[in-house]
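*Asks:* Below you will find the structure I want to go over with you.
The values are calculated or read from the model by the stated rules, or taken from the named source; none is laboratory data. What you are looking at is a predicted structure, and each value in this text was computed from that prediction instead of being measured. A quick note on method: Cβ atoms are made from the backbone with ideal geometry, for glycine too, and the neighbour counts reach across all protein chains shown.
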Amino acid sequence: MAKLHEVLAVENELGGIDTKIREETAATFSKKAEHFIGWHKRYEPLDENDADGKTPDENHEMVTTVRQKLDYMFEHVARYIDAVYQKECTNQNATADIIIDGVIIAAEMPATFLLGLESKLKKWREVFDAIPTLPPGTAVELDPTQGAGVYVSKNDESRRKTKKTVNHKVLYEATKDHPAQIEKWNDDVVIGWTHTKAWYGFYSPAEKSEVLGRLDALARAVKQARQRANCQEVTNDHVGDALINYIMGVLPEGT
């Protein structure tokens, strides 16, 4: 079992990593939504002799998914949370259970840890608030061939490809004294269609709402547990995974 000085030695380092990765994750969600989208584009000419008919297909590979990004963040979050928890357990004995809907999510949490966790949950919520969601009005379905949490558009987006042509008509025929008067105009003629199928590594609005609801429920439970902690005892070495599992919708076995 680790000594307190060993936990103290790594706490600040783990805290710095936690802050850096959490902020980077939130920035990716807010500013790099393209990382969670993949698409395939092909051009279909109407005229087989169209010079553009040999246009190669275009592909954009999805960089990652929301779930993968969260998993990466929480690997470091859990280490930091556990380090802080171990320190607080050593410093005091006042504990309480974190209980949601009658289910013990984490047992016998130290009061000082619960106080710090309240602040951390607020920061986690900033990350979840930034999660990009599926675009409204787009029909999608889960695509298990692409892994968990990947949606594919049910219908390809089709766009016309046009080509400008010049038409004209003679307003007045030419005479011995005057040239013919001709009116010219441009027409856009459809020469083909571009079809795009899109993949999204986003959360659906319902998924985002549900995970935010669980996060808020956990924040309330932590606050209530802190208030009860003065009449509780017991310690636990690890809690990060249990908290993260609840946020992600994984309840303890037997519940």
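*Asks:* Given the conditions (1) over 20 Å from T64 (Cα atoms); (2) in the same structural domain as A219 (by TED's automatic domain parsing), report the number of the one that R159 does not fulfil.
*Replies:* The one condition R159 does not meet is (2).
*Asks:* Could you tell me whether region 202-209 includes any residue that is assigned to a strand (DSSP E or B), surrounded by fewer than 12 Cβ atoms within 10 Å (Cβ to Cβ) and touching a strand residue (DSSP E or B) at 6+ places or on another chain (Cβ under 6 Å)?
*Replies:* No, region 202-209 contains no residue that is assigned to a strand (DSSP E or B), surrounded by fewer than 12 Cβ atoms within 10 Å (Cβ to Cβ) and touching a strand residue (DSSP E or B) at 6+ places or on another chain (Cβ under 6 Å).
*Asks:* Among the numbered criteria (1) modelled with pLDDT of 85 or more; (2) within 21 Å of the chain's Cα centre (by Cα), which single criterion is violated by R220?
*Replies:* Among (1) modelled with pLDDT of 85 or more; (2) within 21 Å of the chain's Cα centre (by Cα), R220 violates only (2).
*Asks:* Can you tell me which residues in region 174-192 are farther than 30 Å from S158 by Cβ and either surrounded by 10 or more Cβ atoms within 10 Å (Cβ to Cβ) or touching a residue at least 12 places away in the same chain (Cβ under 8 Å) (or both)?
*Replies:* A174, A180, Q181, I182, E183, K184
*Asks:* Examine region 102-113 for a residue that is assigned by TED's automatic domain parsing to the domain that holds F74 and in contact with a Phe, Trp or Tyr (Cβ under 7 Å, 6 or more places away or on another chain), and state whether such a residue exists.
*Replies:* There is at least one residue in region 102-113 that is assigned by TED's automatic domain parsing to the domain that holds F74 and in contact with a Phe, Trp or Tyr (Cβ under 7 Å, 6 or more places away or on another chain).
Let's see how each residue does on (1) under 18 Å from L115 (Cα atoms); (2) modelled with pLDDT of 90 or more; (3) not small (G, A, S):
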position	(1), (2), (3)
T28	no, yes, yes
K31	no, yes, yes
K41	no, yes, yes
N59	no, yes, yes
K69	no, yes, yes
E75	no, no, yes
E88	yes, no, yes
